[in-house]
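Have a look at the structure below before the remarks.
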Amino acid sequence: MAFNTPLPPFAAIVVAAGKGQRSGQSVPKQFAIWRGKPVIRHSVETLMQAGAAPMAVVIARDAEEQARDALTGLAGYELVVGGETRQQSVANALEHLDAAAPSSVLIHDAARPMLPLAVIDRLLAALQTQPGAIPVLPVIDSLAIASDGFMTGTADRGALRRVQTPQAFRFGPILAAHRNWSGEPNAGDDAQVLRADGGDVALVDGDEALKKLTVAEDFMNERPYIRTGQGFDVHRLVQDEELWLGGLRIPHDRGLSGHSDADVVLHALVDALLGAIGAGDIGTHFPPSDSKWKGAPSSRFVEHAVALVSAAGYTIGNVDLTVICEAPKIGPHREAMRARIAGLLAVEPDRVSVKATTTEGLGPTGRGEGIAAQAVATLIGKDRL
């Protein structure tokens with residue numbers, strides 16, 4: 001969505017100094033990946049698209065590197081170190097922007113990544129007549145007043161609204177309000193600060209898309225719950241080498257040449273698992289230039305890939321493997337191979353398919369010069385199990 005007419009000039013503050021401990025992420029939630037990119041990047045990009053300038057991104061004192069990484073490639077923002085509370089963080093950003101003397105400012109929480117441009121439009125329109133404006137939504141559910149675990153009364157939901165961000169203000173009044181703030185240090189939002197200083201706050205229609213990411217489920221529900229990866233590998237058959245296929249040593253007059261044990265079946269499987277979670281390929285994690293992998297069992301590569309799959313929030317649904325060779329015959333080893341691979345993946349054998357085919361004498365595998373393997377892996381999000 002884009003604006004049909006230019007918006008009046010405005011500055012922006014994106015507050016991203018919190019720890020986000022309830023989100024269950026390995027990093028503060030503003031830097032966690034959501035819908036393909038860091039949470040903070042979504043709203044920063046939208047505000048830039050809307051024309052925000054200057055823009056201050058408020059971060060914790062030790063978060064500069066994470067913030068720079070999350071906003072790689074973007075220009076037109078400045079990082080500001082926040083304070084002990086949200087109110088102090090916003091005050092720091094306002095003081096930073098004061099030299100630019102913007103006429104108005106939007107203050108937004110980074111944890112609300114979806115920012116409809118229409119909401120920005122409504123907020124800036126309200127500032128034409130009011131010193132402050134906030135987006136709100138009606139309260140739909142009935143409300144109860146509680147005390148000691150019992151309902152003691154009801155509240156009129158018609159008089160209540162759910163408050164969202166960004167919140168919009170004329171710059172002078174909100175800067176003065178933060179300078180004059182003497183209330184509780186944990187002010188809930190900036191509208192509260194302006195109201196305490198005597199400023200009026202207009203209400204405009206918010207949007208359900210402005211939902212705040214708070215708990216782990218907010219991230220898990222956004223993860224595609226089925227992902228598929230594919231892998232392919234081929235190695236040359238040579239004399240004086242052992243032949244390893246599917247984690248088994250197979251009797252044969254030749255073996256596969258490679259830096260590790262050259263198990264093409266497991267190598268293809270590793271690439272399929274890594275591909276499904278977007279984690280590169282086997283060479284990325286186990287480069288042939290590294291001598292410590294020389295002669296290493298490929299089972300170690302599979303175990304590493306399985307650990308990454310689990311860390312990404314997925315479990316293995318099934319894998320389908322095809323061995324392409326003229327010899328040896330795979331049939332006699334098929335069930336043992338399935339059992340071995342199932343053990344490495346920590347799944348039931350019926351989730352592992354091993355097939356074999358030839359190329360009818362065509363190409364390197366048809367001439368018996370090597371063995372190839374293909375793999376397909378299907379992963380399922382843990383939150384959907």
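Would you calculate the separation in nanometres between label points at D98 and T359, each defined as 7 Å from the Cα along the Cα-to-beta-carbon direction?
For D98 paired with T359, the spin-label model returns 7.3 nm.
Among all the aspartates and glutamates, which ones have a C-alpha under 18 Å from K37's C-alpha, if same-chain residues fewer than 8 places away are not counted?
Output for K37: E45, E64, E65, D69, D109, E217, D218, E222.
Counting only DSSP beta bridges with both residues in segment 11-220, what percent are antiparallel, rounded to the nearest 5?
If we restrict to bridges inside segment 11-220, about 45 percent are antiparallel.
For labels at E208 and R334 in the simple 7 Å Cα→Cβ model, what's the distance in nm?
5.0 nm
Stick to the Cα atoms of segment 138-263, pair each with every other, and give me the Kirkwood hydrodynamic radius in Å at one decimal. Before the final figure, lay out the partial values.
Values: mean 1/r = 0.0454 Å⁻¹.
Its Kirkwood hydrodynamic radius stands at 22.0 Å.
In terms of Cα to Cα distance under 28 Å, which lysines are near enough to K329, apart from those fewer than 8 places away along the same chain?
Within the straight-line cut-off, K329 pairs with K294, K355.
Between L117 and E369, 0.36 nm times their residue separation minus their Cα-Cα distance comes to what?
84.7 nm
For segment 209-278, state the semi-axes of the equivalent ellipsoid (square roots of 5 times the eigenvalues of the alpha-carbon gyration tensor), sorted largest first and rounded to whole angstrom.
43, 10, 8
Quick one: compute the contact order of the chain, relative version, from alpha carbon pairs under 8 angstrom and 6+ residues apart, as a percent.
14 percent
Run the quick spin-label model on V238 and V27: label points 7 Å from Cα toward the beta carbon, then report their separation in nm to one decimal.
If labels sit at V238 and V27, their model points lie 4.1 nm apart.
Just to be sure I understand: of the beta bridges DSSP finds with both ends in the chain, what percent are antiparallel, rounded to 5?
So the antiparallel bridges amount to about 60 percent of the total.
Between beta-carbons, use under 15 Å as the cut-off and find the net charge around G368, counting Lys and Arg +1, Asp and Glu -1.
Result for the local shell: -1.
Return an integer: the convex hull volume of the alpha-carbon atoms of segment 62-178, in Å³ per residue. Don't skip to the end; give the middle numbers.
Numbers: hull volume 21.3 nm³, N = 117.
About 182 Å³ per residue, rounded to a whole number.
After finding the eigenvalues of the alpha carbon gyration tensor for segment 11-220, what semi-axes result from the square roots of 5 times each, listed largest first in whole Å? Let's see the in-between values first.
On the way: eigenvalues 136, 101, 59 Å².
Its equivalent ellipsoid spans semi-axes of 26, 22, 17 Å.
I'd like to verify something in the chain: which complete DSSP H helices, judged by Cα projection on the helix axis, reach 15 Å or more and average at least -1.0 on the Kyte-Doolittle scale?
39-50, 86-97, 264-276, 299-311, 334-345
Can you check how the C-alpha radius of gyration of segment 293-384 compares to 2.2 N^0.38 Å, as a plain ratio?
After normalising by residue count via 2.2 N^0.38 Å, the value is 1.23.
Just going by the charge dipole of the chain, with Lys and Arg at +1 and Asp and Glu at -1 on Cβ, which of A202, I371, T358 is farthest out on the positive end?
T358
Calculate the all-directions average of the projected area of segment 226-384's alpha-carbon convex hull, and give it in nm².
The orientation-averaged projected area of the Cα hull of segment 226-384 comes to 8.9 nm².
Could you work out, for the chain, what percent of all Cα-Cα pairs fall into each 20 Å distance bin, beginning at 0 Å and stopping at the bin that holds the largest distance?
P(r) for the chain, in whole percents per bin: 24, 37, 25, 14, 1.
Using 1/(1 + (r/R0)^6) with R0 = 45 angstrom and r between the beta carbons of R162 and A307, what's the FRET efficiency to the nearest 0.05?
E between R162 and A307, to the nearest 0.05, is 0.65.
Quick check: residue separation of D141 and D281 times 0.36 nm, minus the Cα distance between them. What number comes out in nm? Working shown, then result.
Values: separation 140, 0.36 × 140 = 50.40 nm, distance 4.95 nm.
Length difference between fully extended and current span is 45.5 nm.
Every number here is computed from the coordinates shown, using simple stated rules; none is lab data. Quick caveat, the model's predicted, so the values are computed rather than measured. Cβ sites come from the backbone with ideal geometry, for glycine too, and all protein chains shown count toward neighbours.
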